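**Student:** If you scroll down you'll find the structure; I have some questions about it.
The numbers here are math on the coordinates, done by the rules we state, and not lab data. Remember, it's a predicted structure, so these values are computed and weren't measured experimentally. Cβ coordinates were reconstructed from backbone atoms using ideal geometry, including for glycine residues, and neighbour counts include every protein chain displayed.
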Amino acid sequence: AVVSTQSTGVQEEIKKATGASVLHKYINTDEAAAMGSAFMAATASSVFRTKEIKLKDANQFPFFVAFHKLVLNDEGDITEEKLVNKELYYRNNAYPQKKAMTFTKFTDDFHFNVSYGNLAFLSEGQSKEFGVEELMRVNIKGVRDVYNQHHDKTAKGIKAHLLVSESGMINIDSVEAIFETIPANKTESGWLDSVSNFFGGNEEGEQKEGEKKDGETKEGEAKVGANRTSRVHLSPC
């Protein structure tokens, strides 16, 4: 059943919830929602001509990415694993939006977890009703094979691209291994090459070892004397 905010009973409950003694009624919330929906539908339609209406949604709950950071000694051996929990999408981040993380220490299969986090703004009751905070575990497989195939190049890390869609859902858009080759002739133009390959892994994003990065070089951009970059796409699972 649909209950109108013009109902006296609803208004009394709003007063109790907000602690307000008087409700401002100069805006009819029900009509405003209906009219706003009608205008947005007309804007999205090719049949009607309206003034452009720009709206941006924002995610209400922060998204975190957690993984075990490898600490290496001078010989390249793993001496320690540290749990890193990074906030990739802050509360009220506009969406749809894509971000990425670059993992530079992994040379073999690994995984990372995506979950809600930093929910201190919720009340005790809301926290109890929130439910499970972990959203997904992303497994990146076949890393060692790809590194062996490109052993003659400099590995720059595994980049995972994460996308918050128009519906506010977070997903892995793509995962790729980045390799760089320094050209023999530094005067020749650099190029960007995408190499397609089969993998068994799980997600996408970009950020250096847990650091966020919103922008990146446009694909196809080249600079004179630039290093050559190869990208091998992986399939996260």
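**Student:** Taking H placed 1.01 Å from N in the peptide plane, check which residues at least 5 places from residue 89 or on another chain put their amide H under 5 Å from its amide H.
**Tutor:** 63
**Student:** I would also like to ask the following. Sorted by mean Cβ packing within 10 Å, highest first, what order do the peptides 123-135, 161-173 take?
**Tutor:** So the order, starting with the most tightly packed, is 161-173, 123-135.
**Student:** Take the cross-link list 128/159; 54/98; 54/141 and give me the ones stretching past 29 Å between alpha-carbons.
**Tutor:** With Cα atoms farther than 29 Å apart: 128/159; 54/141.
**Student:** Measuring from a point 7 Å past the Cα of residue 182 along Cα-to-C-beta, which residues in the stretch 137-161 have an amide N at less than 13 Å?
**Tutor:** Zone members listed by number: 153-155.
**Student:** May I ask you to compute the full-extension gain from residue 135 to residue 49, defined as 0.36 nm times their residue separation minus their alpha-carbon distance, rounded to one decimal in nm?
**Tutor:** 26.9 nm
**Student:** Another question about this same structure. So, by mean Cβ neighbours within 10 angstrom, what's the order for 141-150, 8-17 with the highest one leading?
**Tutor:** Listed from highest to lowest mean packing, they are 141-150, 8-17.
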